[in-house]
1. Most fluctuating residue of VAL115, VAL102, VAL152 in a GNM of the chain with Cα springs under 10 Å: which is it?
2. Quick one: dipole size for the chain, taken about the Cα centre, charges +1 on Lys/Arg Cβ and -1 on Asp/Glu Cβ, in debye to the nearest 20.
3. Here are labelled values, [x] 10.9; [y] 13.9; [z] 11.4, and one is the computed mean projected area of the Cα convex hull in nm² for what I pasted. Which one?
4. Only Lys, Arg, Asp and Glu count, each charged at its Cβ (+1, +1, -1, -1), so figure out the dipole size of the range 47-145 about its Cα centre, rounded to 20 debye.
5. Tally Lys and Arg at +1 and Asp and Glu at -1 over the other residues with C-beta under 9 Å from the C-beta of PHE113: what net charge comes out?
6. When only DSSP loop residues count, what GluC sites (Glu not before Pro) in the range 22-122 have their Cβ near at most 10 other Cβ atoms within 10 Å?
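Only the coordinates and a few stated rules stand behind these numbers; no lab work does. The shown structure was predicted, so the numbers you read here are calculated from the model rather than taken from an experiment. Note that each Cβ is placed from the backbone with ideal geometry, even for glycine, and that neighbours are counted across all protein chains shown.
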Amino acid sequence: MILTLLNICTKKTEFIRESIESGKQFYLDRALNIKNSFFMNFFEFSIESTEADIYEYFVETECENNFFYDNIFLMDRERGRRFFKVMAIHNALKTVKLDSKVIDAKSMEKYIFNVFLFNEGEKKVYRLLYKCIMEYEMEFQRLFSITIAKYVFQRDKLSPFALAFIENFCYNSFNEFYNSFTKYISISRRLERVVE
């Protein structure tokens, strides 16, 4: 029984590694080429944090209504790239909302579009989500969760439980990311130390 579980976990880990590794490295290389040290570090943290979340929620966390665990075998390379991109959007927008007095939203947009090679449709989605978080913050998490299901997994319908799971995942994921990113150096201090 233990060997069977270990084999299943190993297969899932290998499957996920194959699905995300090329996208992770591609985006990481692009992020590390940013001359602005704040945005370089921001997107590097976002990518690394997303990778950790993928392994935890797609492979390790088996619980009822875990949308990611249940859809693991839909995760191919394109969906892996999309997951990094959509989580970068989430981290960027939540950070801009929290630190709007010190972070220039237009600069964040410019860098995220560049690092993650947004097409015109993705730019529209980003701007729609930006408008939502700035003007209708209470609706943002729900809209964003639906965006993940549709954009990454092509799922039009979500059960209330799956929707709640994705919302909870996004909330926890951002908190982990933000707490790690600001643990030793605050956002304002990071911006003061920017090297272009």
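1. VAL102
2. Numbers: 28 positive and 28 negative charges, 129 e Å.
Here the chain has a charge dipole of around 620 debye.
3. The value computed from this structure is option [z].
4. Working: 15 positive and 18 negative charges, 144 e Å.
Result for the range 47-145 is approximately 700 debye, rounded to the nearest 20.
5. On the way: positive: LYS110, LYS123; negative: GLU109, GLU122.
Net charge around PHE113: 0.
6. Working: sites: GLU44, GLU48, GLU51, GLU56, GLU60, GLU62, GLU64, GLU78, GLU109, GLU120, GLU122; in loops: GLU62, GLU64.
Answer in residue order: GLU64.
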